[in-house]
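Comments concern the structure below.
Just so it is clear, none of the values below were taken in a lab; they were calculated from the coordinates. Please read all numbers here as calculations on a predicted model, not as lab measurements. In this analysis, Cβ positions are derived from the backbone assuming ideal geometry, glycine residues included, and neighbour counts consider all displayed protein chains.
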Amino acid sequence: MNGVAIRTRGLRKVFSARTKVGRVRRERRDVIAVEGIDLEIETGSFVGVIGPNGAGKSTTIKMLTGILAPTSGEVHVLGHVPLRDRTLLAQRIGVVFGQRSQLWWDLPLIESFTLLRHIYRVPSAQHRATLDDLVGQFELGPLLDQPVRTLSLGQRMRAELVAALVHRPSLLFLDEPTIGLDVVSKFALRDALAVINVEHGTTIVLTTHDLADVEKLCERVVIIDHGRTIRDQPLSALLDEVDSGVDLEELVRRIYLGHPLR
Amino acid sequence: MMRARQRADMQYRLSFVLRIVAASAQLILEFVAVWALVHRFGTVGGWGFGPLLFLLGVSGVTFRLSDAFVGGSIERCAEMIRTGRLDVLLVRPLGLLWQIMGDAFAVRRLMQLATMVPLAAIGVAQAGIEWTPLRVLILAAVFVNATAVFSSTFVIVNCLSFWAPTTQEMGNAFTYGGAQMAKYPIHLFDGWVRMISVSLIPVGFTVYLPSFLLFDAPNPLGITWWQSSLALASGVPLAFAASAVWRFAVNHYQSTGS
């Protein structure tokens, strides 16, 4: 089955910011964060969203998850309008923000998972099976009784992922999940993500600055800059645009800078 | 979630004990303050010890109840916006307001509530209420209504933080300041302060106005029974207003970078 998990048409987001122009006078200025994004993501695919800082990646993710209201344009995620059906959609998606935690800092890790079971109303037996499965896969077994604040960043990211997956979402958003991780943790996380995508058919949308994430995991790459989609193609097609000696990092640098690719 | 919050708090045991001590001290101080006023002046605005304690206790219980479950949590909203915590709550399948209430719940506020309960009990007993079944209902309605008024005020005031995340202090002036006003007979205040108490900061509606339905106390403002009755229902429109403002605010949430 190849349904469409995400579809957007002319998605825009304009923030209004006030800037100081004089001692008390403030000027209202519109900042365009996302300027008309059209996206179509198939069920079961693994898509990497990259772009320079401030390009509009996170804003786009926030509109897809119902956190932010789009200024204009259409969004459908799993058939829902995210902002309107926020809680319904939340039941079916998982979100990991690399820079913010959804675990309970002072409690043993296992209790965060138990709390999430109640929040997502997962039946007890099903929860136990899913958790056993995920804990094994992410090697969290020995850490379950430790307070979250004592976990290392790598351990915590794995825990965050499990937390986002306990309700078995069919769509997973990952916003810079590998930020700050060492090589070993990064590799472990990537392996686990690949397994989730393949075994459970979970659609995964990943934003990252680490192009190795994209290279290892994503079959398709979306490049966003200045709030627009400037590339949206299979990874292989993107790599075909340059001579074989040029790696992805150099390729993307050239695209960001607007340099010729060959 | 509230239980989790409490368990997390209990990880720091000494501060828990200290809070119990502080809360008990507060109870004694509040009681002594009223007693001293009455002892020194006989009455306050014509109101004796019983009615005054009724005002203090009932407004205290309802305010602390609102503070424990709504106010104290929702005032963390600004901080949650700044830290991005709100984003995490927004991608969970529960109403945002409920989650904020649970997420920032603090047991110490329940203790502050507990300290007010004896004051309210003595106040109700001493206010000179001639009990009828109807008055029992009215008293219950006073509690429900006042809690609704205080909670709604908390919600509305804190919605400001969606646009200006540092307006906390101003918000506190409305809510905690309002609670201070609710402790005294409104006719003590003159002119514009009195107007504020039934408009901008609607504390007059919480206990003072409805109290004339319960006992005979000096009524220099000539509050009529229907004004008292209207006040008793003021929580309903206020709660609707609060929920509308809240939904508007959440839909205009701008989040933070990254």
The answer for residue A:54, listing residues at least 5 apart or on another chain whose modeled amide H is closer than 5 Å to its amide H, is none
Placing +1 on the Cβ of each Lys and Arg and -1 on the Cβ of each Asp and Glu in the protein assembly as shown, which of B:17, A:198, A:233 has its Cα farthest towards the positive end of the resulting dipole? B:17
Per-residue Cβ neighbour rank within 10 angstrom, fewest leading, A:198, A:49, A:214, B:44: A:198, B:44, A:214, A:49
Run lengths n ≥ 4 of DSSP H only: what is the helix-derived mean residue ellipticity at 222 nm for chain B, with -39500 (n - 2.57) per run over all residues, to the nearest 500? -21500 deg cm²/dmol
Could you compute how fast the range A:1-108 diffuses translationally, taking Rh as the Kirkwood radius over C-alpha pairs and applying Stokes-Einstein at 10 °C with viscosity 1.306 mPa s? Give it in µm² per second. 100 µm²/s
Counting DSSP beta bridges in the protein assembly as shown, what percent are antiparallel, to the nearest 5? 60 percent
Which ³J(HN,Hα) values in Hz, rounded to whole numbers, follow from the phi angles of the range B:123-129 under the Karplus curve 6.51 cos²θ - 1.76 cosθ + 1.60, where θ = phi - 60° and Gly and Pro get x? x, 5, 6, 8, 6, x, 7
Multiplying the sequence separation of residue B:194 and residue B:16 by 0.36 nm and subtracting their Cα-Cα distance, what value in nm do you get? 60.2 nm
Of B:208, B:176, B:184, which is the most mobile in a GNM of chain B whose springs link Cα atoms less than 10 angstrom apart? B:176
Work out the length of the dipole vector of the protein assembly as shown about its Cα centre, built from +1 on the beta-carbon of each Lys and Arg and -1 on the beta-carbon of each Asp and Glu, and round it to the nearest 20 debye. 1440 debye
Electrostatic dipole magnitude of the range B:69-183 [Cβ: Lys, Arg +1; Asp, Glu -1; Cα centre; debye, to 20]: 120 debye
Using a Gaussian network model of chain B with C-alpha springs under 10 Å, which one of B:83, B:147, B:115 is most mobile by mean-square fluctuation? B:83
Do you know the Lys pair count in the protein assembly as shown for C-alpha distances under 28 Å, with sequence separation 8 or more or different chains? 9
Would you please give the residues with an amide H less than 5 Å from that of residue A:225, counting only those at least 5 places away or on a separate chain, with H modeled from the backbone geometry? A:230
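Give, rounded to the nearest 20 debye, the magnitude of the charge dipole that the range A:1-135 has about its Cα centre when Lys and Arg contribute +1 at Cβ and Asp and Glu contribute -1 at Cβ.
It works out to roughly 960 debye.
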Using θ = phi - 60° and the Karplus form 6.51 cos²θ - 1.76 cosθ + 1.60, what ³J(HN,Hα) does each residue of the range B:38-54 get, whole Hz, x for Gly and Pro? 5, 4, 7, 10, x, 9, 10, x, x, 8, x, 4, x, x, 5, 5, 4
Using modelled amide H (1.01 Å from N, peptide plane; none on Pro or chain starts), what sits under 5 Å from the amide H of residue A:181, excluding residues fewer than 5 places away? none
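222 nm [θ] for chain A, helices only, -39500 (n - 2.57) per DSSP H run of 4+, per residue, to 500?
My calculation for chain A gives -10500 deg cm²/dmol from helical runs alone.
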Within 10 Å of each Cβ in peptide A:57-63, how many partner chain Cβ atoms are there on average? Round it to a whole number, please. 3
Only Cα pairs within less than 10 Å get springs; with that Gaussian network setup on chain A, which residue of A:182, A:225, A:38 has the largest fluctuation? A:182
If you average the C-alpha positions of the range B:200-258 and of the range A:172-243 separately, how far apart do those two centres end up, in angstrom? 52 Å
Once both label points are put 7 Å beyond Cα along the C-beta direction, the residue A:216-residue A:146 separation in nm becomes 2.1 nm
How large is ³J(HN,Hα), in whole Hz, for each residue of the range A:216-229 in order, when computed from phi with the Karplus curve 6.51 cos²θ - 1.76 cosθ + 1.60 and θ = phi - 60°, using x for Gly and Pro? 7, 10, 8, 8, 9, 10, 10, 10, 10, 8, 6, x, 10, 7
log10 I(q)/I(0) for the range A:139-262, Debye formula on C-alpha points only (no solvent), q = 0.11, 0.12, 0.21 Å⁻¹, two decimals, reads -0.46, -0.54, -1.26
Mind checking the mean number of beta-carbon atoms from other chains within 10 Å of the Cβ atoms in A:101-111? 3
Partner chain Cβ atoms within 10 Å, averaged over the residues of A:81-93 - can you pull that number for me? 3
Relative frequency of Cα-Cα separations exceeding 22 Å in chain B, percent: 57 percent
Which is the longest stretch in chain A that no exposed loop site breaks, taking sites as GluC sites (Glu not before Pro) with a DSSP loop state and at most 15 other Cβ atoms within 10 Å? A:1-138
